[in-house]
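So the structure is just underneath, and the comments pick up after that.
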Amino acid sequence: MVADEKLLRRVTFPLPFGIDHVHCYFVRLTTGGWLLVDTGLGTPDPAAQWGPLLAGLDAPVEQILVTHFHPDHVGGARDIAELTGAPVLQGREDFAQCLAVWGPGRDPGRLADHWRANGVPEAALGDVVGATTAMVDVVRYAPEPLLLDAGADVDGWRVEVFPGHADGHIVLIRGDVLIAGDSILGRISPVVGLYPESRPDPLGDYLETLRRIEELAPRVAYAGHGEVIEDPAARARELREHHRERLGAAESALEAEPASAYALSFALFPADLRHGQRRFAVAETLAHLERLALEGRAARVDGGYALPT
């Protein structure tokens, strides 16, 4: 539960994905108004979804902050900005990725090339690419947000960049409270995948993010999905162990002959995933294989991965 609804309120929306909900947070500002952190998916009638929530607040929304560019976090940003007149704040690196994936200059062909290069068969390629392009209609990002860098101050909250789940994922920290987005989750592991034009080692980035959460040792983390995390440092240690085990599983799946990330994903994830979910499995498998390669535990060979010689 959220501790004090006078200072922080959580609202939850359903999602039509494998994970069935997303949390957004109203955070009290020192002006008496509200900061909205994350915005859910865009909807055909945002006034119907957000109007009652905004009307139930005791003060206006004065700022909107997006933790990362994934559809369930950035999707409603422009709509809510238009409803409230509030500016949208977004991480600098995250907004660049947002434009690349959702902007008018996006190139669906680059996704197809990426998945094809990592072994996704032509028969599955349409569904895998289509699962991303189908999201375009529910992503109404703000075209000119105020860009934030690590160390920025948002009404006393410190902005930090916690990459891994998304390259430019930002969080808010004040005292012993972390508003975490999807940088850490309670019952599931955030997807950490390698995608076109992303950082080269997302899993290495994420392990560093987890180390930083351990070091900060906040009392509580308000996450984008699931329950409030009461001991974020302990959860960060659990997630580091989870990825250590996944690296071991990926390494065990390697053979002398190279195999694609798509083929190796069946060793790490269930075989019966729908193609739309398979893209996450391939992306995360690829992130683990790249970390193994960087550690000298795997070799990149002919577009695939094998045991090092």
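Using Cβ point charges alone (K and R +1, D and E -1), the dipole size of the stretch 8-253 about the Cα centre works out to roughly 240 debye.
Given an 8 Å cut-off on Cα distances and at least 6 residues of separation, report the relative contact order of the chain as a percent. Walk me through the intermediate numbers first.
Working: 584 pairs, mean separation 42.3, N = 309.
RCO, the chain: 14 percent.
Run the quick spin-label model on LEU57 and ASP20: label points 7 Å from Cα toward the beta carbon, then report their separation in nm to one decimal. In this crude label model, LEU57 to ASP20 measures out at 2.9 nm. For the stretch 1-86, the calculated P(r), taken from all Cα-Cα distances in 5 Å bins from zero up to the bin holding the longest distance, is 3, 14, 27, 28, 18, 8, 2, 0 percent. On a C-alpha basis, how far is the centre of the stretch 280-309 from the centre of the stretch 192-260 in Å? Whole number, if you could? So the separation of the two Cα centres works out to 16 Å.
Please identify, among GLY130, GLY42, GLY224, the residue showing maximal mean-square fluctuation in a Gaussian network model of the chain using a 10 angstrom Cα cutoff. Taking springs between Cα atoms under 10 Å, the residue moving most is GLY130. If you take the beta carbon distance between ARG10 and PHE269 as r and set R0 to 35 Å, what does 1/(1 + (r/R0)^6) give as a FRET efficiency, to the nearest 0.05? Step by step, r from the Cβ atoms, then E = 0.70. Net length available on complete extension from THR31 to ARG212 is 62.1 nm, with 0.36 nm assigned per residue and the Cα-Cα distance removed. I'd like the antiparallel share, as a percent to the nearest 5, of DSSP beta bridges with both residues in the chain. Beta bridges within the chain, antiparallel portion: roughly 65 percent. How many angstrom separate the Cα center of the stretch 110-124 from the Cα center of the stretch 125-167? Value for the Cα centre distance between the two parts: 24 Å. Put simply, the Cα atoms of the chain extend 64, 40, 31 Å along their principal axes, the longest span coming first.
Since every read-out is calculated from the coordinates, none of them should be taken as a lab result. Note that this is a predicted model, so its numbers are computed, not measured. Because the Cβ atoms are built from the backbone with ideal geometry, glycine has one as well, and the counts that use them run over all protein chains shown.
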